[in-house]
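Student: Below: one structure in structure tokens.
The values are calculated or read from the model by the stated rules, or taken from the named source; none is laboratory data. Please read all numbers here as calculations on a predicted model, not as lab measurements. Note that we place each Cβ from the backbone using ideal geometry, even for glycine, and neighbour counts take in every protein chain shown. Protein only, heavy atoms only, side chains kept; ligands, DNA and RNA dropped before computing areas. Shrake-Rupley method; radii C 1.70, N 1.55, O 1.52, S 1.80 Å.
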Amino acid sequence: MTAFPQKPALIVAFATAVLAGAWTSPALAQSAATEGQKLAFDRGKGNCLTCHVIKGGDLPGTIGPALKDIKAKYPDRDTLVAIVTDEPKRNPQTVMPPFGRNRILTEQEINAIVDFLQTL
Amino acid sequence: MKRRGSVLIGSAFVALAALAFAAPRVVAADKIDPATEAKAFRNYFTAKFPKVKLDDFVNGPYSMNADMRKQWVEKEEFPPYEFAVDAGKEMFAKPFKNGKTYADCFPNGGVGIRQNYPHFDAKEGKVVTLELALNRCREANGEAPYSYVKDEMASLTAYMAFTSRGKPFDIRIPDDPRALEAYENGKRYFYTRRGQLNFSCASCHVQSPGERIRAEILAPALGILNAMPIYRSEWNGMGTISRRFVTCNSQTRAVPLEPQSDEYRDLEYFLSYVSNGLPIAGPGARP
């Protein structure tokens, strides 16, 4: 019981770091990418596998292009954030959902997913 | 590269359709020509899939994927919808409590007429689908209506489709502004994006047919109703057109409408009309 109050504090600290975009620590970035992968694969969250082939994911769809060599293709992280946040803004005809605009994913979650994308 | 190209063509078509809606009403009123639109609709799919024979589009995902087709052809040796056809036939023959039968409600005793539904009812001023006509027949004869989505309704429509196999869809839009409006309304519903995921029916069935969505292969919108009702392993049973509309809406986190609501009736009218000339293939089996 005595240790209990400590835990939420830790989580808050971590979340704050994520929010602030503290990607400087490699360990932290690594865990954010792992979290991002989970969010990307989760059917109730990103569910990106519905449309994209992604390394490590089962039963991928083919509606969108395979997500690979992302870092080479999009060296600028902001572009990736923009794609995941609101791809219809870049391409009005796209079938890719506007994850940020329609609040399917939070800004934090999108940031974690972009970290994951950059490992592909 | 190939995909990009096809998405672009798809977009062009969607954009075209969108333009048609955006046109000022006065102009649109005398410009809408469903026959020309149906031809353009068909041409879009035949150009996108030059190797698929026109009549084969009614086989949905199987027309798009050779592996799936092979599994399906094997399965058709013992069609999983056979029980529904048999049950439907029996139901059709069995009199209601008042002694009448379904045959009394339909032209030609209900045999070989699937291709004429939905039709526009001038008296009501609305679209009447086969599922709706069946329940109206029951109610007119003092029987309780069936659920629109499965079981009895699927059996009845399975039997009626079975007796109509091979007959080309022959949907009419009479010279009546209300009929044209119903067609337009169905088209609008089909191309409008909705729900949190921002999908329209066209996102999947016009822009992405043949693509995998997880393990499933998306059916093309051309001929998409010809094989209904369908047996789906995933449903562990039969489903009607109503069931498929509701399922597609809810799977995309959009709020589904009531089966046989005006919008769904209009949607079915539009989708059937643009598939005119393609043969009835129901009931169908899907993975």
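Student: Search the stretch A:97-118 for residues being among the charged types (D, E, K, R) and within 14 Å of another protein chain (Cβ to nearest Cβ), and hand back the single one that is least open to solvent (accessible area, probe 1.4 Å).
Tutor: The residue in question is A:Arg101.
Student: Additional query: For the stretch B:212-259, give me each residue that is out of contact with any Gly (no Cβ under 8 Å at 6 or more places or on another chain) and open to solvent by less than 20 Å² (accessible area, probe 1.4 Å).
Tutor: Correct list: B:Ala221, B:Leu222, B:Leu225, B:Gly237, B:Met238, B:Gly239, B:Thr240, B:Ile241, B:Ser242.
Student: Still on this model: For B:Arg178, indicate whether it is open to solvent by less than 40 Å² (accessible area, probe 1.4 Å), out of contact with any His (no Cβ under 8 Å at 6 or more places or on another chain) and among the basic types (Lys, Arg).
Tutor: no
Student: Moving on to the next point. From B:Arg114, B:Arg165, grab the single residue that is within 20 Å of the chain's Cα centre (by Cα), open to solvent by 50 Å² or more (accessible area, probe 1.4 Å) and of a type outside the set (Ser, Thr, Tyr).
Tutor: B:Arg165
Student: Quick one: which of B:Arg212, B:Arg265, B:Arg253 is more than 14 Å from the chain's Cα centre (by Cα), basic (Lys, Arg) and more than 19 Å from B:Phe57 (Cα to Cα)?
Tutor: Only one candidate qualifies: B:Arg253.
Student: Which pairs do you get when a residue that is surrounded by 14 or more Cβ atoms within 10 Å (Cβ to Cβ), found in the stretch B:67-81, comes within reach of a residue that is in a helix (DSSP H, G or I), reach meaning Cβ atoms under 8 angstrom, with the pair 6+ apart or on two chains?
Tutor: B:Met68/B:Pro61; B:Met68/B:Tyr62; B:Arg69/B:Asn59; B:Arg69/B:Tyr62; B:Arg69/B:Ser63; B:Trp72/B:Asn59; B:Trp72/B:Tyr62; B:Tyr81/B:Ala158
Student: In the stretch A:46-63, is there at least one residue being surrounded by 21 or more Cβ atoms within 10 Å (Cβ to Cβ), hydrophobic (A, V, I, L, M, F, W, C), under 13 Å from the mean Cα position of the chain (by Cα) and away from chain B (no Cβ under 13 Å)?
Tutor: No, that holds for no residue.
Student: Helices (runs of 4 or more DSSP H) wholly in the stretch B:186-287 with at least 2 residues that are within 14 Å of chain A (Cβ to nearest Cβ) and touching a residue at least 24 places away in the same chain (Cβ under 8 Å) - which ones?
Tutor: Answer list for the stretch B:186-287: B:201-205.
Student: Filtering the stretch B:73-83 down to residues that are at pLDDT below 90 and of a type in the set (A, V, I, L, M, F, W, C), which residue is nearest to the chain's Cα centre (by Cα)?
Tutor: B:Val73
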